[in-house]
1. So how many residues does the range 62-120 have that are more than 21 Å from S27 (Cα to Cα) and among the aromatic types (F, W, Y)?
2. Counting only residues that are modelled with pLDDT under 95 and within 16 Å of M5 (Cα to Cα), which one in the range 24-45 is nearest to the chain's Cα centre (by Cα)?
3. When the range 87-118 is examined, which residues are found to be in contact (Cβ under 8 Å) with a residue 60 or more places away in the chain, surrounded by fewer than 12 Cβ atoms within 10 Å (Cβ to Cβ) and among the hydroxyl-bearing types (S, T, Y)?
4. Restricting to the range 32-72, name every residue that is more than 18 Å from G113 (Cα to Cα), of a type in the set (G, A, S) and open to solvent by less than 70 Å² (accessible area, probe 1.4 Å).
5. Assess whether S84 counts as being within 12 Å of the chain's Cα centre (by Cα) and surrounded by fewer than 18 Cβ atoms within 10 Å (Cβ to Cβ).
6. Need at least 1 residues that are closer than 18 Å to G8 by Cβ and modelled with pLDDT of 95 or more per element, so show me which strands (runs of 3 or more DSSP E) inside the range 46-120 make the cut, counting only ones lying wholly within it.
Amino acid sequence: QVQLMESGGGLVQAGGSLSLSCAASGSIFSFNDMGWYRQAPGKQRELVARISSGGRTNYADSVKGRFTISRDNAKNKMYLRMNSVKFEDTATYYCNADMRDATNRLWNYWGQGTQVIVSS
């Protein structure tokens, strides 16, 4: 019954900034790793950034130094701050999360995506 929902997408000018949010709802026990992925038209979905339950982060080389991933475990939310955006960042961005239940079984969830369009 867990659902993830992204928000914050929209149109932004190259060089500008944008913040994305991912909110989780439902029968949540706890989240382990969470991450942001994106898919541009005609391309495969790719990892943008990932963050562990303890706050350790990993970024795709293409966004290092420009994007920042963060999470608020108490609120079951995750964020992506996008700075100095480029036209190449145009894509649909998806929230992904791993959840462990009470018996330590792993479940994985995806959001529906939020569109980011960067104007050149």
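The values are calculated or read from the model by the stated rules, or taken from the named source; none is laboratory data. Worth saying up front: this structure is predicted, and the values here are computed from it rather than measured. In this analysis, Cβ positions are derived from the backbone assuming ideal geometry, glycine residues included, and neighbour counts consider all displayed protein chains. Remember, those area values only see protein heavy atoms, side chains included, never the ligands or the DNA or RNA. Shrake-Rupley method; radii C 1.70, N 1.55, O 1.52, S 1.80 Å.
1. Qualifying residue count for the region: 3.
2. Per the stated criteria, the residue is A24.
3. Across the range 87-118, there are no qualifying residues.
4. S52, S53, G54, G55, A60, S62
5. Details: within 12 Å of the chain's Cα centre (by Cα): no; surrounded by fewer than 18 Cβ atoms within 10 Å (Cβ to Cβ): yes.
The answer is no for S84.
6. Correct list: 46-51, 67-72, 77-82, 91-100, 106-110, 114-119.
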